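Data block below; observations after.
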Ligand code: GDD
Ligand code: MN
């Protein structure tokens, strides 16, 4: 989804197909139930309704007095392309920081809109669902057959997609635009909310109860193909969820394997360091021990760098410029790791009366972690989590 600069507080999206008997009353009720101090819009997405719903809204907009905080707009689509795709088009067209989606047949009472907006505004919740299946909710005037179908469909998606929400098929919900900004929504099927829930897994969801009533005017657009479409879309979302999980697993494994290689290289450097010092101070030449130390550090730093470049981070670009720039950063971050370690030992022992051996363990781990992450990110230009 492209980045839309929001210039409004709330966009209410209302898909319509043959809702001429409901739409005007609905529009005025929506406006009444939006917070007056907010800048808001209602966007009707009409699929060229044969009963003239779109034209009725056009007329209404023409005759409306301007100068309020609320504007109404209608998107005319040439053919009936389905509920989800209408919602998606509404999302792409709208400008609110918050988005509310609802049916236009009064099954979704507009009085709930202000609750949804309040919940989104005053809490950390990213999605607020007006739910038919939590304590306090009522479903009015739905035939047993529809109740059963809805219940079954809900069970199917909850169990196959692992959702912790009681009404993932609700058509009445609100959300913060920023949570879908980076997502690719493709409006599969009838159930936009389901797709949003699967693709934003991990965001905070709140459900509020309400009374769902069957429509008084017009008829439902749910047909037999809706059911097969539904099964198809759940299957597609299931595959999507699986591929995300596998990708996460791959990232974790790659991350751990790089950390492991990095610390193996570190350990090899330690051995090399000792060996060089021994070579230069006792055996081969009789250097002053401090000089021997400097030689040892230089050797192990260089071998650590080369091994990490080639083996740990699989970087095969050995051009001189890049090599020395990375080498400089590597040396810098390694010293920083040492400074973190020394500073932390001092802080834990002196400031917190921690035993020296425990402080050393913590500090070595912190220094090593700092060393790894800084080099990963800045020396070898990788994302930290990859
Ligand atoms: N633009 C457009 N295009 N709008 C459509 C289309 C379409 O192809 N199909 C339906 N709509 C509009 C209707 O005009 C109505 O405002 C809303 O979408 C819902 O359609 P209904 O025909 O009233 O659906 P329903 O009552 O059978 O389905 C209800 O239950 C579902 C969950 O079981 C709705 O509340 C759905 O939103 C909900 O997901
Ligand atoms: Mn309906």
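FYI, it's all coordinate maths here, none of it is from the lab. From a predicted model like this one, the values you see are computed outputs, not experimental measurements. Neighbour counts run over all protein chains shown; Cβ positions are idealised from the backbone, glycine included.
Considering only residues in the range 209-231 that are under 23 Å from residue 25 (Cβ atoms) and away from ligand 2 (no atom under 12 Å from the Cβ), the one that is surrounded by the most Cβ atoms within 10 Å (Cβ to Cβ) turns out to be 210.
For the range 45-65, the count of residues that are part of a strand (DSSP E or B), at negative phi and either more than 10 Å from ligand 1 (Cβ to nearest atom) or within 27 Å of the chain's Cα centre (by Cα) (or both) is at least one.
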